[in-house]
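The values are calculated or read from the model by the stated rules, or taken from the named source; none is laboratory data. These numbers were taken from a predicted model, which means no experiment stands behind them. Here the Cβ positions follow ideal geometry from the backbone for every residue, glycine too, while neighbour counts run over all protein chains shown. These accessible areas exclude ligands, DNA and RNA; they are computed on the full protein's heavy atoms, side chains included. Shrake-Rupley method; radii C 1.70, N 1.55, O 1.52, S 1.80 Å.
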Amino acid sequence: MSSVDVRRVSTTNVRPASYVDKQASDTYKRIDLNPMDLIFLNIPYMQRGFLFTKQHEEGKSINDKISHLKTSLSCTLDHFFPLAGRLGIEKHEDGNMISVYIDCNSEGAEFVHAIADISADFILPPTCIPQTIIDRLFLLNGVRSYQGQSQPLLSIQITELTDGIFIACSANHCIGDGTSFYHFINSWSEVTNSSGYHTSRPSPVFERWFSKETDCPIRLQLSSFNELSAKRNPNGTDGFVERCFRFTKPNIAALKEKASLIMAKQNKVISSLQAILAFVWTAVIRSRSCLNDNWDETRELELRLLMNNRTKLVPPLPETYFGNSIVRGIATLEETELVKRGFGFLASVLNEVVNSNDFEKSRSFIESWMEKPLIMSPGVSNAFVARSSQWFNMYGNDFGWGRPIAVKTGANGMFNGMTTVNPGPVEGSVDIEICLPNEVFKVMENDAEFMEAFSSS
């Protein structure tokens, strides 16, 4: 099965519970975006989906539960009201410059109830599921963040499976990062299970962080913004597939110990994630070198880690900061060096990237960006990019069907080398989703060193 028929039952525009008719209000709240938000204008929406088993509850039909979810979403949007808005564009006097902001106008979030004739067991395995099937369970596929002028900033699709429920969330990346995304999702879950539609979680902080030297609102060239619609991902998902490798707690401990022993003379403390990413990425390059007789040993590989930067700013931001606070840690090396020196060496390189994450790095990035604003493209030519975190609370969300049995990532933003880090369903386990050509995966399956180090259970 390469695709599935997903039929819409209903589409609802959900506004914050305290919404008052637009005409009854003189002004709407405006949130100006900072450089850490604006770099994501050309990046697709964030997507996460949660798979649940369908549980029968006496006196409550599926329609009752979905109606309850709409109400709880409306109440949650009272706390996260920017998600019910749209992106706004302010044109300045000279006509060549614009500013982009969040127009908190309560236009509403999109909520879709759908039905699909597939079993939860079909999309449960962590390994190879046709992305065309996962795509149908999400909204706003292919939509990029700058399109939030006309598209909702948040879309939810609840899909009834034959024996399960899939709740898919898509959110505009200019509005917030993964930390913000899960603050909203975790709060929505709590509100859903609260008798009075309340949450005990701390309120999100929407006021944007700007360096003292920033002239706000930030101005962009109108021509640069208009060019976004003409840009296409040069390294998209055509010809690539995404697979998930699940590492158990014992697997991770063994990898971390091995990497630490290799790098013991450098007195570096290698983290679990550094060991896992280094191990997977080294296996990918080793497999690619086996596929191509004309493999270029001097070809440079770029490594990018997207890291939470809230505690590194001055003054530090609270964890409840609702926006983008991400720094890109970058390292470059030759592929042949990686193959020769192995994953312990790469773990050491990643360790240096993480340790370089400080305020000076952020300030340097912001200053250079202000001189020459750069809007990221979805793909890069020869790179591994790691996003998300194993520390996000993905499996603690209950929307009326108990604990999720799986978490899935939509295809938005996927390109060759994109790596998504998620917690596994068992405490201490980690799922690594990576997008690659299928022939690379086939070689990795015959790589004894790689296959012995992870568990598919």
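A compact table of results
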{"quantity": "Carbon/sulfur fraction of accessible area - the chain, other protein chains in place, 1.4 Å, %", "calculated": "49"}
{"quantity": "Pair-distance profile P(r), taking every C-alpha pair of the range 68-117, with 5 angstrom steps and integer %", "calculated": "5, 17, 18, 16, 12, 11, 9, 6, 4, 2, 1"}
{"quantity": "Separation of alpha-carbon centers, the range 29-70 and the range 400-433, rounded to whole Å", "calculated": "16"}
{"quantity": "Value of relative contact order over the chain, rounded to a whole percent, pairs C-alpha under 8 Å and six or more apart", "calculated": "23"}
{"quantity": "Surface/4 of the Cα convex hull for the chain, nm²", "calculated": "23.5"}
{"quantity": "Principal axis box of the range 298-355, alpha-carbon based, largest edge first, Å", "calculated": "43, 19, 15"}
{"quantity": "Linear extension gain, Thr132 paired with Asn193, 0.36 nm per residue minus alpha-carbon span", "calculated": "18.7 nm"}
{"quantity": "Student exercise, the range 307-445 dipole from Lys, Arg, Asp, Glu Cβ charges, in Debye to nearest 20", "calculated": "200"}
{"quantity": "Lys, Arg +1 and Asp, Glu -1 on Cβ, resulting dipole of the range 317-376 about Cα centre, debye, nearest 20", "calculated": "80"}
{"quantity": "Heavy-atom surface of the chain, accessible at 1.4 Å and reported per residue (Å²)", "calculated": "43"}
{"quantity": "Equivalent ellipsoid dimensions for the range 269-397 as semi-axes, Å, which come from the Cα gyration tensor, largest first", "calculated": "29, 19, 14"}
{"quantity": "FRET E, pair Met370, Asp5, Förster distance 51 Å, beta-carbon r, rounded to 0.05", "calculated": "0.55"}
{"quantity": "Descending semi-axes in whole angstrom, ellipsoid equivalent of the range 118-232, from the Cα gyration tensor", "calculated": "32, 24, 11"}
{"quantity": "Translational diffusion of the range 311-457, µm² s⁻¹ [Kirkwood Rh, Cα pairs; Stokes-Einstein; 20 °C; 1.002 mPa s]", "calculated": "116"}
{"quantity": "Rounded to the nearest 20 debye, dipole of the range 245-313 from Cβ charges on Lys, Arg, Asp, Glu", "calculated": "520"}
